[in-house]
1. For GLN242, work out the one condition from (1) part of a loop (DSSP other than H, G, I, E, B); (2) without any contact (Cβ under 8 Å) to a residue 12 or more places away in the chain; (3) within 26 Å of THR269 (Cα to Cα) it doesn't fulfil.
2. Please work out which residue is surrounded by the fewest Cβ atoms within 10 Å (Cβ to Cβ), limiting yourself to the range 411-437 and to residues that are of a type in the set (S, T, N, Q) and in contact (Cβ under 8 Å) with a residue 12 or more places away in the chain.
3. On the given criteria, is LYS418 basic (Lys, Arg) and closer than 26 Å to ASP151 by Cα?
4. Quick one: GLY158 ticks every box in (1) under 24 Å from GLU68 (Cα atoms); (2) over 24 Å from the mean Cα position of the chain (by Cα) except a single one, so which number is it?
5. Spot the failing condition for ALA408; the list is (1) of a type in the set (Gly, Ala, Ser); (2) assigned to a loop (DSSP other than H, G, I, E, B); (3) within 28 Å of LYS236 (Cα to Cα), and only one is missed.
6. So which residues in the range 192-234 are part of a loop (DSSP other than H, G, I, E, B), open to solvent by less than 30 Å² (accessible area, probe 1.4 Å) and in contact (Cβ under 8 Å) with a residue 60 or more places away in the chain, if there are any at all?
7. Which one is most open to solvent (accessible area, probe 1.4 Å), of the residues in the range 35-56 that are part of a loop (DSSP other than H, G, I, E, B) and farther than 16 Å from HIS376 by Cβ?
8. Checking the structure you have, find out if any residue of the range 330-344 is under 24 Å from the mean Cα position of the chain (by Cα), under 13 Å from GLN291 (Cβ atoms) and open to solvent by less than 40 Å² (accessible area, probe 1.4 Å).
Amino acid sequence: MRTNFFACSLLLLSLFSCKSDAPPKAEVAALEVREWKPEDVRSMSGALADRGLIYDSEEDTEGYVLYEPPTSTYTFLVDKQGEVVHKWQSDLNSMNSYLQPNGHLIRMERDEDFTTFAAGGQSGRIREYDWEGNLVWDFSYHSDTYLTHHDIEIMPNGHILAISYDALSEEEAIEAGMDPKHVPKAGIWLDKIIEIEPTRPEGGKIVWEWRMQDHLIQDFDASKKNYGVVSDHPRKLNINIQSDEVGSPMTQERLDQMKQMGFLTSNATVDNRGSDVTHTNAVSYNPDLDQIVISVPGYGEIFVIDHSTTSEQAKSDSGGRWGHGGDLLYRWGNPANYGKGAEEDQKLFGQHDSKWIPEGYPGAGNLMVYNNDIPHPDNKLPNMWASLAGNPSPAMNVAVGDVGNYSAIYEWSIPSKKAGVYEPGEDGTFGPGEPDWSYTAPDLYSLYSAFISGAHRLKNGHTFITQGMQGRLIEVDDEGKLVWEYWTPYKYDYTLPDGSPAQPTGPFIFGLFRATLYPQDHPAFAGKTLSPLEPQPEPFVLEIPPDTEQPDQ
């Protein structure tokens, strides 16, 4: 039933122009805090929500928001009145980009030509464009065993840190001590971090590399060289962790249905459904410490690793500025992964966008993360995805009594006796026990996004948040007060040459991986004319049959 609905709904998507004057500041009232009852429903997709600028107060931070409209080849720069003031266009899809001080844009793009890796966030190509949209650098990195995906970080020296899949065959995974019962026929995809020195106008040199597969521990097979007591090695990764990214096995029929609904890429197979075990989705660099933090939602953790090592030291457990080689300097979110704590001690669930707060910003040196899918103890269903089965509404309405999961922004300082040196506490876990600061929606539920999303601190202490699943962007002040709200009204129809979607977003048609607010005094804007484009891009609306159930909100 659900497959037929979405096949038909795609035919009902239409473009129309509805440009209107932006509301004056502080004249649009913020929503009152809602008290939810178990039978109340909320929209998971936000497909029918009012879109564009919703709330603009005098207290918001003036600047420009950079984001990629879904299923498009565009990058938009939007002012705080919700008007597009600049855009870049490529021939490939992107979901993540970074504006540089010189006005150039560095985009992760979805290469059309790779086969092995079938999961959201695929890239394979990094490109740089000048302000006028001219291509000035093109870098390709994909093969049967590696592929850049999800995120990059531009370092102060102009090099680029990138997340890449690092495939192990079925035989290699078993040799690494993984329980054969849990090894997919297609093998597993761990991750690595590479440092790229660009060679413009094309290509680049890999000058540093760190791989998860060099730092594995397991207590399953005593015949393997990495056998040991997991709890005695908290700086290593247990290869037999049951990943949160691995779902139930699929039949070919179910796989085909999921592809048709846009939940899977065209290269997904029955044999690789359990391969994406770590799914690293964010990378951030601390230049003062020469350390890297990555978000690993498959394990419900963030990891801090040492970048001061050589590539050879990064394979070992010694060397580098901090003495642990490529072993983990710090980890947080799920101590049961290293034999400390229990299920109830898990803090992170499908998290995204882990990053350090920069120097000169409130909370400088702390870590921040968007904690996506915090479970509610009274849930009737196991998760949001279970609630969508057979759901005929494009709003994806789900009762909060069925799935009461919610999202939060966490910020915390890593406990350390010396800057950059992190040791487990007396109980053997890396602290803190709880984040130092968190933000949740005043009504708990209205911020919820089970996947994608992000948050970053602004220099005035405000926090800019991407609620990715619904394409909602908000800014809150240091007390958690909403000062700006915008829902992207744009969606396009880019597909790969085989007709399949570039990213498996399914019915979440307005979904945004991440957006970034750049202040109006950012160097990239110096000397630039940033007035609304005429005409504005056409908003996108979903037309639905009149008898379709509408959301409560």
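The values are calculated or read from the model by the stated rules, or taken from the named source; none is laboratory data. In this text, all values refer to a predicted model and were calculated from it rather than measured experimentally. Cβ: placed from backbone, ideal geometry, glycine included. Neighbour counts: every protein chain shown. SASA here: full protein model, heavy atoms, side chains in, ligands and nucleic acids out. Shrake-Rupley method; radii C 1.70, N 1.55, O 1.52, S 1.80 Å.
1. Condition not satisfied by GLN242: (2).
2. The initial filter retains those residues of the range 411-437 that are of a type in the set (S, T, N, Q), namely 413, 416, 429.
Subsequent filtering for residues that are in contact (Cβ under 8 Å) with a residue 12 or more places away in the chain retains 413, 429.
On the way: SER413: 15, THR429: 20.
Step by step, filter the range 411-437, then rank; the result is SER413.
3. Details: basic (Lys, Arg): yes; closer than 26 Å to ASP151 by Cα: no.
Here the answer is no, as LYS418 does not meet what is asked.
4. Failing condition for GLY158: (2).
5. Status for ALA408: all satisfied but (2).
6. Scanning the range 192-234 gives GLY203, HIS215, PRO234.
7. Going residue by residue through the range 35-56, those that are part of a loop (DSSP other than H, G, I, E, B) are 35-40, 44-51.
Next, only the ones that are farther than 16 Å from HIS376 by Cβ stay: 45-51.
Details: SER45: 1, GLY46: 5, ALA47: 11, LEU48: 46, ALA49: 36, ASP50: 123, ARG51: 52 Å².
My answer is ASP50.
8. yes
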